[in-house]
Amino acid sequence: MADPRVIIVGAGMSGLCMAIKLRQAGVGDITIYEKAGAVGGTWRDNTYPGLTCDVPSRFYQFSFATNPEWTHLYSPGPEICAYLDDIADRFDVRRHIVFGTEVTAARHTGGRWHVETSAGGTDEADFLVTATGVLHHPRHPDIPGLGTFAGATFHSARWDHDVPLRGRRVAVVGTGSTGVQITADLAGTAGRLLLFQRTAQWILPAPNRAYSRFTRAAHRRLPVLDRLGYRWHETVISKVLSQAIIKPGWQRRLIGAMCRRNLNKVADPDLRRRLTPPDEPMCKRLIASGGFYDAVQRDDVELVTDTISHVEPRGIVTADGRLHEADVLVLATGFDAHAYVRPMGLVAPDGRTLEEAWRDGPRAYRTVALPGFPNLFFLMGPHSPIGNYSLIAIAEAQAGYITGWIRRWRAGLVTSMAPRADATEAYNEAMRQAMPRTIWTSGCASWYLGKDGLPELWPWTPRDHARMLSTPEFAEFDVS
Ligand code: NAP
């Protein structure tokens, strides 16, 4: 049996998952190119204060490598990063990683993918798998005068830990999941915290309780508890939150009521009014936080809802002409979620580029493959079910599916495979038809929406996604 050569781009959670699945299938000729100097992807890049995964730790982990040592219901970011670092060694995939090397281009010619790297090197492989993440490119707001600010300015995903915050005036722009977590954590440390909110967001109450030493010891001794914990959280999220998002029903009413009740914790009617979102709960990605409303009611925290006019050296000026003086300016303004895979330049055998294929927005076959681009697979590709769910579970389903195709190559059944254009179009049309039932189309602006105004997400349950990927439809592929 010939051993295929596989290049994986990115050593974040999904790249590691792919490499592990391949190794478990007996595929050993793997290279993972990672542009940074460490594994962990988003958990390596994001180090802001308060960084916590709002998906429970018992579910936000590999099903085949559960960790009894989680310290909290919702894991702090550094713990997840350490977990992924440990996984790279435990499953012996670190030796496959080439750090500090970015894949800049890849072209499919002569039946193989030919790859160019930032180091000036070239490589080739039978399969190319992109594991480059979703929220990777920080989005810097287009605020006039931003560059003139006299204090430190940085994006939340590029936190400058050399900048002292204790006792200083910190301005945070943005109230997405990131801005909310930063606010809940920094309130009380910063001398004064100014939170600039453009659109209020719904917040699901999620107090983060610590696991006791007893609980951790019990999980260490009885691995079945880890498995039960995984199954429990997966079931609750799948049966309640995922259902609430994709269709009307009691789940949607329940989550909505929980968010509205949570907002009532804000005692001051004017502050409560300003924190009341104009849209439905879950239209934007739902935020889960235990401490935000307490933080924002503190005397040393000010919620600013007037539109930002410009920045000047001393601080931020709002449309009412008021200058909000600050020492540090944090941009919690999100990411370019649609820059999937790019800027890497991919070229199909017929000369078509990925940029051309995705001119109207990223589209794929079943989230993992693209017509005309043989032996190319995506992890977290277009329309993956990434909202309020464990991306690790999704990566496992996708990596399992991709491994299935690589196994077939190895068995000599196929050498080239790409989804058919008509099957891809039928699948995308079914998704378009299902979108109106989802809460994302109920009227709000969010990074979920693509160029055509339609959500770039999976309109069914993550369980449906896993089911779809468990059985490859050979008839929907052009193979040779
Ligand atoms: P985000 O959800 O895109 O939020 C960006 C925030 O910045 C919004 O409040 C937005 O306001 C505001 N903003 C953008 N440009 C602005 C401007 N020019 N002036 C004023 N405000 C501006 O970004 P994020 O908070 O970084 O979160 C992104 C995603 O990362 C999340 O949705 C989630 O998927 C993931 N995340 C997950 C976790 C976790 O615990 N699992 C934690 C953090 C992040 P508008 O709402 O008005 O656009």
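The values are calculated or read from the model by the stated rules, or taken from the named source; none is laboratory data. Predicted, not measured: the structure shown is a model, and the values here were computed from it. Glycine also receives a Cβ, built like all others from the backbone with ideal geometry; neighbour counts cover every protein chain displayed. The protein model used for the area step is the full one, side chains on, heavy atoms only, and it has no ligands, DNA or RNA in it. Shrake-Rupley method; radii C 1.70, N 1.55, O 1.52, S 1.80 Å.
Consider only pairs whose beta carbons are under 9 Å apart and that are at least six residues apart or on different chains; among these, list those whose first residue lies in segment 333-344 and is in the same structural domain as Trp447 (by TED's automatic domain parsing) and charged (D, E, K, R) and whose second residue is open to solvent by 20 Å² or more (accessible area, probe 1.4 Å) and away from the ligand (no atom under 16 Å from the Cβ).
Hits for this filter: Arg342/Glu355.
Are any of the residues in segment 204-211 within 12 Å of the ligand (Cβ to nearest atom), closer than 15 Å to Leu303 by Cβ and in contact with a Gly (Cβ under 7 Å, 6 or more places away or on another chain)?
no
Given the condition within 14 Å of the ligand (Cβ to nearest atom), touching a His at 6+ places or on another chain (Cβ under 8 Å), modelled with pLDDT of 95 or more and not in a loop (DSSP other than H, G, I, E, B), answer yes or no: does some residue in segment 281-293 qualify?
For segment 281-293, residues within 14 Å of the ligand (Cβ to nearest atom), touching a His at 6+ places or on another chain (Cβ under 8 Å), modelled with pLDDT of 95 or more and not in a loop (DSSP other than H, G, I, E, B): absent.
Within segment 110-121, which residues are outside any strand (DSSP E or B), on the phi < 0 side of the Ramachandran plot and of a type outside the set (A, V, I, L, M, F, W, C)?
Within segment 110-121, Ser118, Gly121 qualify.
In segment 8-55, which residue that is among the basic types (Lys, Arg) and away from the ligand (no atom under 16 Å from the Cβ) is nearest to Tyr389 (Cα to Cα)?
Per the stated criteria, the residue is Lys21.
For segment 77-121, name all the residues that are within 16 Å of the ligand (Cβ to nearest atom) and either free of Cβ contacts under 8 Å to residues at least 24 places away in the same chain or touching a His at 6+ places or on another chain (Cβ under 6 Å) (or both).
Selection gives Glu79, Tyr83.
Can you find, within segment 298-319, the residue that is farthest from the ligand (Cβ to nearest atom) among those that are open to solvent by less than 50 Å² (accessible area, probe 1.4 Å) and under 20 Å from Gly188 (Cα atoms)?
The residue in question is Asp300.
Being of a type in the set (A, V, I, L, M) and open to solvent by 10 Å² or more (accessible area, probe 1.4 Å) is the filter; apply it to segment 371-397 and report the residue that is farthest from the ligand (Cβ to nearest atom).
Ala397
Inspect all residues belonging to segment 177-190 and state whether any of them is in contact with a Lys or Arg (Cβ under 6 Å, 6 or more places away or on another chain), more than 14 Å from the ligand (Cβ to nearest atom), outside any strand (DSSP E or B) and outside the structural domain of Asp54 (by TED's automatic domain parsing).
Yes, the conditions are met somewhere in segment 177-190.
Quick grid of which residues meet (1) assigned by TED's automatic domain parsing to the domain that holds Ile392; (2) out of contact with any Phe, Trp or Tyr (no Cβ under 7 Å at 6 or more places or on another chain); (3) surrounded by fewer than 15 Cβ atoms within 10 Å (Cβ to Cβ); (4) closer than 17 Å to Ser177 by Cβ:
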site: Asp226; (1), (2), (3), (4): no, yes, no, no
site: Ser238; (1), (2), (3), (4): no, yes, no, no
site: Pro277; (1), (2), (3), (4): no, no, no, yes
site: Ser289; (1), (2), (3), (4): no, yes, no, yes
site: Val296; (1), (2), (3), (4): no, yes, no, yes
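Working carefully through the options Leu303, Leu331, Leu323, Leu370, find the one that is farther than 30 Å from Gly10 by Cβ, in contact with a helix residue (DSSP H, G or I) (Cβ under 7 Å, 6 or more places away or on another chain) and of a type in the set (A, V, I, L, M, F, W, C).
Exactly one of Leu303, Leu331, Leu323, Leu370 is farther than 30 Å from Gly10 by Cβ, in contact with a helix residue (DSSP H, G or I) (Cβ under 7 Å, 6 or more places away or on another chain) and of a type in the set (A, V, I, L, M, F, W, C), namely Leu303.
From the list Gly28, Gly12, Gly50, Gly37, which residue is outside the structural domain of Leu225 (by TED's automatic domain parsing) and touching a Phe, Trp or Tyr at 6+ places or on another chain (Cβ under 7 Å)?
The conditions single out Gly37.
Residue-wise test of (1) near the ligand (Cβ under 9 Å from one of its atoms); (2) outside any loop (DSSP other than H, G, I, E, B); (3) touching a residue at least 12 places away in the same chain (Cβ under 8 Å).
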{"residue": "Asp123", "(1), (2), (3)": "no, yes, yes"}
{"residue": "Leu135", "(1), (2), (3)": "yes, no, yes"}
{"residue": "Asp142", "(1), (2), (3)": "yes, no, no"}
{"residue": "Phe154", "(1), (2), (3)": "no, yes, yes"}
{"residue": "Asp160", "(1), (2), (3)": "no, no, no"}
{"residue": "Val172", "(1), (2), (3)": "no, yes, yes"}
{"residue": "Arg198", "(1), (2), (3)": "yes, no, yes"}
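Specify which of the listed residues (Phe373, Phe377) is of a type in the set (A, V, I, L, M, F, W, C) and assigned to a loop (DSSP other than H, G, I, E, B).
Every option except Phe373 fails the conditions.
Scan (1) open to solvent by 60 Å² or more (accessible area, probe 1.4 Å); (2) modelled with pLDDT of 95 or more; (3) more than 19 Å from the chain's Cα centre (by Cα); (4) not β-branched (Val, Ile, Thr) for the single condition Glu473 breaks and write down its number.
In the conditions (1) open to solvent by 60 Å² or more (accessible area, probe 1.4 Å); (2) modelled with pLDDT of 95 or more; (3) more than 19 Å from the chain's Cα centre (by Cα); (4) not β-branched (Val, Ile, Thr), Glu473 misses (2) alone.
Specify which of the listed residues (Trp405, Trp447, Trp458) is assigned to a loop (DSSP other than H, G, I, E, B), assigned by TED's automatic domain parsing to the domain that holds Ala125, within 27 Å of Asn375 (Cβ to Cβ) and not polar (S, T, N, Q).
Trp458
Residue under question is Thr183, and the condition is that it be in contact (Cβ under 8 Å) with a residue 60 or more places away in the chain and either open to solvent by 40 Å² or more (accessible area, probe 1.4 Å) or more than 19 Å from Ala332 (Cβ to Cβ) (or both); does it hold?
no
For segment 436-463: of the residues being closer than 22 Å to Tyr340 by Cβ and loosely packed, with under 15 Cβ neighbours inside 10 Å, which is nearest to the ligand (Cβ to nearest atom)?
So, considering only residues that are closer than 22 Å to Tyr340 by Cβ and loosely packed, with under 15 Cβ neighbours inside 10 Å, the one nearest to the ligand (Cβ to nearest atom) is Ala445.
Just to be sure, is Leu195 at pLDDT 95 or above, open to solvent by 30 Å² or more (accessible area, probe 1.4 Å) and of a type in the set (A, V, I, L, M)?
no
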